[in-house]
Amino acid sequence: MNDFFWTTLSCVKGVGSKTLTELYENNPFLDFDNLYDYLETEKKKSLFKLLSFENIQLAKDKAEKLLAADENEGIKVIPISSEWYPNYLRLIPDPPTILFAKGNIELLKEKQNLAVVGTREPTVSGIKAAQKIAMTFAEMGYTIVSGLALGIDTAGHVGSLLANNGKTIAVLAGNLTEIYPAKNKQLAMEILEKDGLWLSETPIGQANMRGNFVKRDRIQSGLSIGVCPVQTPVKGGTQHTIEYARKQNRFLFTPIPLAQDQNENAIQGNLELIKSGVYVLKDKDSYQTIHQMLQEKKERLDLEHKNRFEKKQSVKPGLENDIEQLSLFD
């Protein structure tokens, strides 16, 4: 695939994730040479104006500078066309048009991802539970995804690193040259040292806005086949990730809170989840049941990606016409 072409398109002002995803899904072989033929043939007047020659040239310059700046920081730029772009993230309604990754990018091809997330103000038992859940699933072969925030996120990353050969992906709200929160900079460095990965959709130089945290939450869920909110109040950032998990059709489950925490604000959202009927992690046997459910979810996501993206990518331009002509001689 022409990754520079799609990186350039992502740099065109006004081209959002919906436009870019639809273009790529329906026309993965588009490039600088055939773009305008396609737009003219399909009578895409609005896109013709948006992707004018002048706008493309400006975007090319921006893309080149973007690639150079990230290369200097050891950051990989990953457009939606890239072989490194995570399959399941490509399926969500609003996938990032471009990703920035630092560390073990092989993890981006990993399909056994589980998001372990939660409140920044957990109970002591919540921290222990997050570490145990992350470590257990990491030892079962799952890569643990979380947001590097204080509290449950931190415990999830730590738990994964405690497992034998455990791997974790830290999804940052800001750009990869500015670790936030600063208290977790050492943890972030340990993640890289132990073959983990940092991931973000925020480019170098862009300020970390409040809205970036909500956007980050959709990536955590989108990367994963399942989401486990270990502890969450009824209102809070974790609720965004839960809502994204539902919209993205990911497997959602929660540990059963300990009796000693029943009145704590940190678990009131979990109690609501249990009332709504999500699967509950109760004991050791639950891990295997959840594993089976996650594998079923994985199979469905694999099939969806194959139907939406892989079939179109396997047929090169012109081949469809050749096949039609050959059929005349059958």
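Each residue of the stretch 56-64 is assigned a 3J(HN,Hα), and the resulting list reads 5, 5, 4, 5, 4, 4, 5, 5, 4 Hz, derived from the Karplus form 6.51 cos²θ - 1.76 cosθ + 1.60 (θ = phi - 60°), x at Gly and Pro.
Using Cα springs under 10 Å in a Gaussian network model of the chain, which residue among Arg300, Arg218, Arg210 shows the largest mean-square fluctuation? Maximum fluctuation in the GNM of the chain, among the listed residues, is at Arg210.
Here the Gaussian network model covers the chain, with springs between Cα atoms less than 10 Å apart; of Asp195, Asp217, Asp285, Asp285 fluctuates the most. Candidate cross-link partners of Lys128 among the lysines, defined by an alpha-carbon separation under 16 Å and a same-chain spacing of 8 or more, comprise Lys282, Lys284. In this structure the amide hydrogen of Thr143, modeled in the peptide plane, comes within under 5 Å of the amide hydrogens of Gln112, Asn113, Leu114, none closer than 5 places in sequence on its chain. Its Cα centre serving as origin, the stretch 75-186 has a Cβ charge dipole (Lys and Arg +1, Asp and Glu -1) of approximately 160 debye. Its relative contact order, with pairs defined as Cα atoms under 8 Å and 6+ residues apart, puts the stretch 128-259 at 20 percent.
Each residue of the stretch 68-76 is assigned a 3J(HN,Hα), and the resulting list reads 5, 5, 6, 4, 5, 9, x, 9, 8 Hz, derived from the Karplus form 6.51 cos²θ - 1.76 cosθ + 1.60 (θ = phi - 60°), x at Gly and Pro. The residues of the stretch 21-147 expose, per residue, 47 Å² of accessible area to a 1.4 Å probe.
Applying 1/(1 + (r/R0)^6) with r as the Cβ-Cβ distance of Lys282 and Glu304 and R0 = 41 angstrom yields a FRET efficiency of 0.85.
Helix 284-305 and the longest principal axis of the Cα set of the chain meet at an angle near 10°. Subtracting the Cα-Cα distance of Glu243 and Glu73 from their residue separation scaled by 0.36 nm leaves 57.8 nm. Put +1 on the Cβ of each Lys and Arg and -1 on the Cβ of each Asp and Glu in the chain; which of Gln239, Ile267, Ile179 then has its Cα farthest toward the positive end of the dipole? Projecting each Cα onto the dipole axis, the largest value belongs to Ile267.
Compared with the alpha-carbon gap, the fully stretched path from Lys109 to Lys13 is longer by 31.6 nm at 0.36 nm per residue.
When the chain is treated as a Gaussian network with alpha carbon springs shorter than 10 Å, the biggest mean-square fluctuation among Leu161, Leu258, Leu176 belongs to Leu258. When the surface is traced with a 1.4 Å probe over the full set of protein chains, Leu9 keeps roughly 0 Å² accessible. Phi angles across the stretch 141-154 convert, under the Karplus curve 6.51 cos²θ - 1.76 cosθ + 1.60 with θ = phi - 60°, into 3J(HN,Hα) values of x, 8, 8, 8, 9, 7, x, 6, 6, 5, x, 4, 4, 4 Hz, Gly and Pro given as x. For the stretch 211-310, the solvent-accessible area works out to 48 Å² per residue, with a probe of 1.4 Å and every protein chain left in place.
Summarising the strand pairing of the chain, around 30 percent of its internal DSSP beta bridges are antiparallel. Given +1 at the Cβ of Lys and Arg, -1 at the Cβ of Asp and Glu and no other charges, the dipole of the chain around its Cα centre is 1040 debye to the nearest 20. Multiplying the residue separation of Asp31 and Lys235 by 0.36 nm and subtracting their alpha-carbon distance yields 68.9 nm. Calculate, for Ile256 and Asp61, the FRET efficiency according to 1/(1 + (r/R0)^6) with r their C-beta to C-beta distance and R0 45 Å; round to the nearest 0.05. Efficiency computed from Cβ-Cβ geometry: 0.25. Here the accessible area is traced with a 1.4 Å probe on the protein chains. For the chain, carbon and sulfur cover 49 percent of it.
Between Thr41 and Asp94, the C-beta separation translates, for a Förster distance of 22 Å, into a calculated FRET efficiency of about 0.20. Express the relative contact order of the stretch 213-292 as a whole percentage, based on alpha carbon pairs under 8 Å and six or more residues apart in sequence. Value for the stretch 213-292: 30 percent.
The values are calculated or read from the model by the stated rules, or taken from the named source; none is laboratory data. What you are looking at is a predicted structure, and each value in this text was computed from that prediction instead of being measured. Methodologically, a virtual Cβ is constructed for each residue, glycine included, from the backbone with ideal geometry; neighbour enumeration extends over all protein chains shown. With ligands, DNA and RNA removed, areas are computed over all heavy atoms of the protein, side chains included. Shrake-Rupley method; radii C 1.70, N 1.55, O 1.52, S 1.80 Å.
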